[in-house]
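Peer 1: I'd like to ask you about the structure that follows.
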């Protein structure tokens with residue numbers, strides 16, 4: 001990518017578009033074949049059907065296996081429905097403080113904690129949204145569907161380009177794909193700070209329980225927002241993982257009838273190992289990316305880079321830089337004092 005000097009006036013729209021297209025399509029396969037081949041071997045040797053999908057928040061697909069095959073959603077459908085609920089709340093359709101009084105008539109089997117409460121217990125929509133995502137509560141899901149309906153959700157799915165439809169009483173759990181879950185989690189991540197409803201949902205996902213891969217993906221460093229779904233011989237997870245390269249990891253498993261006992265139908269070992277291999281793929285992808293601020297190309301951002309950039313700016317760009325792309329720290333296509341200040345702040349941190 002060509003980087004302009006600080007004294008240039010900018011790039012035209014057409015030039016910028018050409019540069020973007022050349023950059024975007026010149027690096028379609030920057031992921032190491034080693035990490036990808038390890039994942040390939042692992043999933044292809046799995047005794048049951050699985051889907052595995054890894055894609056960055058920027059949209060770069062790092063790995064995909066059966067990601068467009070529809071499977072029974074189980075409780076994963078609660079995540080896109082939460083996106084719909086947050087949109088409705090943000091539009092003023094209802095309030096997070098609206099209340100619901102629980103009776104045992106609402107419980108129709110499945111997961112959750114509301115069913116353990118006494119009849120007459122009052123919950124707010126804020127509670128329901130939190131419980132639906134944090135504890136995968138089925139009562140909370142059913143009540144929210146009752147309050148917000150299915151027509152708007154189905155229209156939203158059509159806008160997204162997916163034939164995923166809810167109905168009352170059926171389908172309560174429609175078939176979905178790993179690609180669909182990527183788009184659902186991405187929507188939630190993009191809006192995480194857009195208001196109280198979104199924050200409630202995001203906090204619940206960050207604290208959600210029973211996530212098999214959470215300890216692997218977080219590794220004490222990254223924050224993980226996740227949702228799981230399970231029913232009989234089906235287990236799915238969709239996780240947003242923060243870090244230098246934020247990404248979304250989705251894994252679906254479906255066993256043949258009778259493969260798992262009623263007490264142990266979650267193939268936790270497969271999910272955990274797939275999560276670890278996903279981390280390897282992302283780490284190797286990250287290693288191929290330029291380190292912005294590393295102007296002398298030694299692999300680190302240091303005061304030496306600051307000195308080199310300072311000289312470059314003082315003499316109007318009349319010296320060569322080992323990698324001009326890394327000097328454009330703020331990614332605006334121009335090397336100037338703002339990039340210098342970005343490096344200063346980075347070193348101060």
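Peer 1: If I filter the range 328-338 for residues that are at pLDDT below 85, assigned to a helix (DSSP H, G or I) and on the phi < 0 side of the Ramachandran plot, do I get at least one hit?
Peer 2: Checking the range 328-338: not a single residue is at pLDDT below 85, assigned to a helix (DSSP H, G or I) and on the phi < 0 side of the Ramachandran plot.
Peer 1: Which residues, taken from the range 282-328, are in contact (Cβ under 8 Å) with a residue 24 or more places away in the chain, surrounded by fewer than 12 Cβ atoms within 10 Å (Cβ to Cβ) and over 25 Å from residue 60 (Cα atoms)?
Peer 2: Scanning the range 282-328 gives 303, 316.
Peer 1: Test residue 152 against the criterion of being in contact (Cβ under 8 Å) with a residue 12 or more places away in the chain, under 27 Å from residue 240 (Cα atoms) and assigned to a loop (DSSP other than H, G, I, E, B), and give yes or no.
Peer 2: No, not satisfied.
Peer 1: Condition check: more than 30 Å from residue 62 (Cα to Cα) and not in a loop (DSSP other than H, G, I, E, B). Does residue 133 satisfy that?
Peer 2: no
Peer 1: Outside the structural domain of residue 71 (by TED's automatic domain parsing) and in contact with a helix residue (DSSP H, G or I) (Cβ under 9 Å, 6 or more places away or on another chain): which single residue out of 201, 275, 297 fits that description?
Peer 2: On inspection, the qualifying residue turns out to be 297.
Peer 1: Let me ask something additional. Kindly provide the set of residues from the range 167-200 that are touching a residue at least 60 places away in the same chain (Cβ under 8 Å), over 14 Å from the mean Cα position of the chain (by Cα) and not in a loop (DSSP other than H, G, I, E, B), ordered by number.
Peer 2: 175, 176, 196, 197, 198, 200
Peer 1: Just name the residue that is surrounded by the fewest Cβ atoms within 10 Å (Cβ to Cβ) out of those in the range 95-113 that are at pLDDT 95 or above and under 29 Å from the mean Cα position of the chain (by Cα).
Peer 2: Residue satisfying both the conditions and the ranking: 97.
The values are calculated or read from the model by the stated rules, or taken from the named source; none is laboratory data. Keep in mind it's a predicted model, so treat the numbers as computed, not measured. All Cβ positions, glycine included, derive from the backbone under ideal geometry; neighbour counts span all protein chains shown.
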